[in-house]
Amino acid sequence: MNELVSEKPELRNFPFGPFGLRLFKEYRVLQKAMSMSIRACQKYLGMISVKREFRSMGYGRVILDSLDKTGFEVVLDVSRRNRKALSIYAKCGFRPETELPPDYPLENSVRLKRPSLSIR
């Protein structure tokens, strides 16, 4: 486990985009990620997870901030019980868009949205 931590990537010069996220995953920092297009100018981030041993080290924020380079507005759903995720999303500029219905698969959740840099 210490070997992984000693090989953590330099965040400031990290190459993001599809290749960069793949490379980030090869460093075993990014556990899961999934996104899809909703509208021409919007991406839905369906899942993102940083491995436990790499949490609270700034990697999640770097990944979320890298989405600014795409030029898309980013939308995601999160459980209100996930306080850590809500905190990082708020710090990265995500704001509540709508409450999700009680029968939504992710219980007690809210949809968050962050405009692209060109809109902000």
Using beta carbons and a limit of 7 Å, which pairs, at least six apart or on different chains, have the first residue in region 43-62 and under 19 Å from residue 77 (Cβ atoms) and the second one of a type in the set (Ser, Thr, Tyr)? 43/35; 43/37; 43/70; 44/35; 45/35; 46/35; 50/59
So, residue 103, is that one at pLDDT 80 or above and assigned to a loop (DSSP other than H, G, I, E, B) or not? yes
Complete set of residues in region 75-120 that are without any contact (Cβ under 8 Å) to a residue 24 or more places away in the chain and among the hydroxyl-bearing types (Ser, Thr, Tyr): 87, 98
Is one or more of the residues making up region 51-66 touching a Ser or Thr at 6+ places or on another chain (Cβ under 6 Å) and modelled with pLDDT of 75 or more? no
When region 69-100 is examined, which residues are found to be in a loop (DSSP other than H, G, I, E, B) and surrounded by 12 or more Cβ atoms within 10 Å (Cβ to Cβ)? 71, 72, 80, 82, 92, 93, 94, 100
Taking residue 120, is it surrounded by fewer than 19 Cβ atoms within 10 Å (Cβ to Cβ), of a type in the set (D, E, K, R) and either part of a loop (DSSP other than H, G, I, E, B) or modelled with pLDDT under 80 (or both)? yes
Quick check on my filter: what residues within region 65-102 are in contact with a strand residue (DSSP E or B) (Cβ under 8 Å, 6 or more places away or on another chain), of a type in the set (A, V, I, L, M, F, W, C) and over 15 Å from residue 116 (Cα atoms)? 78, 85, 86, 100
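The values are calculated or read from the model by the stated rules, or taken from the named source; none is laboratory data. No experiment lies behind these values; they were computed from the predicted model shown. As a convention, Cβ positions derive from the backbone with ideal geometry for all residues, glycine included, and neighbour counts pool all protein chains shown.
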